[in-house]
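Data block below; observations after.
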Amino acid sequence: MCADGCGLRWRGPFVVSAQHHSLLGGSISTEDRINERIRVPEVRLVGPAGEQVGIVRIEDALRLAREAELDLVEVAPQARPPVCKLMDYGKYKYENAQKARDSRRNQTNTIIKEMKLRPKIDQHDYDTKKGHVVRFLKGGDKVKITIMFRGREQSRPELGFNLLKRLADDVEEFGHVEAAPKQEGRNMLMVLGPNRKKTEAKAEAKAEKDQRAQDREAAASAAEADLPQQRKIAAPVKKKAKGPADNMDPDIDL
C-alpha cells in the first residue's frame, strides 16, 4: 500500500487497488451482516413472526430492531432490496448449529468392505467368509469380492466366475450384484450391494440393542423380586435345643 494510504498495492510490475487484491486472494466473509453492518439505503423487512412489513429505510428498520430488543439480520443479500429479518441472532446461530450437528449425526456413509477368496477355497473357509459378507450386507454396507488367482489358476477364470456366482446366490436374501464379475489382472472382482439402506440397518440394530437392554432389565427385576422367596427357602431350620431329659435313656422310669 502506498505511503499516503491511497489503497493501492504493488503486485509485481503492476499496481492494483486493495479491492482488486481482495478479489485476487483475500478472504471472503461468510458471516451474516447484522444491524449497523448492513450498509444499504433500504431493505425489505420481515417481522420476528415471519410477517411482511414491507420496504423500509435502513434507519427505520434499525429503530424497530432496537425497540423490539432484537437484531436486524440480512437473510437474502442478493435480493433487491436485500431482505432483512428481526430476530434474536444469538438464538438463531445456536439453532443453526444444532441443526447442522443433527444433520451430521444422521448422515450415513456407505462403506465398501472387501472380502478376498481363492478359487479353490474349502467349504469351511467359504462358510466363514460368507458369514462375514452377510454381516456386512445386513449392516447396510457394500462388499467387494476379490478372487485371487495364482500360477496356473489364471488359465481357469471360470473357477472364479462360478465361485462368485455361487456366493451371490447364497446371499441374495441380503444383497444383490451391483457390479458384475470382471477380470482385472490376476484378480476377478464383483461388488455386492445391500438390499436395504444404511439408515434402516442402523435403526434395526438400535432397536435390537434397546430390546436386549429391556430384556436384561426385566430379568434383573424378576431376579430381584424372587430373591426374598429364595432367601426364605434357603434359610436354615433352627434345631430344638436339647434339655436334660433329652439325654436320658427312655427305658428308665423316673
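The values are calculated or read from the model by the stated rules, or taken from the named source; none is laboratory data. Since the structure is predicted, the reported quantities are computational estimates derived from the model, not experimental observations. These accessible areas exclude ligands, DNA and RNA; they are computed on the full protein's heavy atoms, side chains included. Shrake-Rupley method; radii C 1.70, N 1.55, O 1.52, S 1.80 Å.
Tabulated results
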{"read-out": "Solvent-accessible ranking of Lys138, Lys120, largest area first, probe 1.4 Å", "value": "Lys120, Lys138"}
{"read-out": "Surface share of carbon and sulfur [accessible, 1.4 angstrom probe, percent] for the range 35-89", "value": "50 percent"}
{"read-out": "Convex hull volume per residue in cubic angstrom - Cα atoms of the range 35-89", "value": "69 Å³"}
{"read-out": "Two-decimal ratio, the range 68-224, of alpha-carbon radius of gyration to 2.2 N^0.38 Å", "value": "1.72"}
{"read-out": "Residue-normalised accessible area of the range 112-198, given per residue in Å² at a 1.4 Å probe", "value": "59 Å²"}
{"read-out": "Accessible surface, 1.4 Å probe, highest first, among residues Met115, Met148", "value": "Met148, Met115"}
{"read-out": "Unsatisfied cross-links (Cα-Cα over 23 Å) in the set Lys129/Lys198; Lys182/Lys202; Lys99/Lys138", "value": "Lys182/Lys202; Lys99/Lys138"}
{"read-out": "5 angstrom amide H check on Val75, placed H, neighbours 5+ away", "value": "Val83, Cys84, Lys85"}
{"read-out": "Heavy atoms of Thr199: accessible area, 1.4 Å probe, square angstrom to 10", "value": "70 Å²"}
{"read-out": "Largest-first ordering by accessible area, 1.4 Å probe, given options Tyr126, Tyr94", "value": "Tyr94, Tyr126"}
{"read-out": "Distant-in-sequence amide H partners of Leu117 (H built 1.01 Å from N, under 5 Å)", "value": "Thr146, Ile147, Met148"}
{"read-out": "Integer Hz, Karplus 6.51/-1.76/1.60 couplings in order for the range 136-152, x for Gly and Pro", "value": "5, 5, 5, x, x, 9, 7, 10, 9, 9, 10, 9, 9, 9, 9, x, 5"}
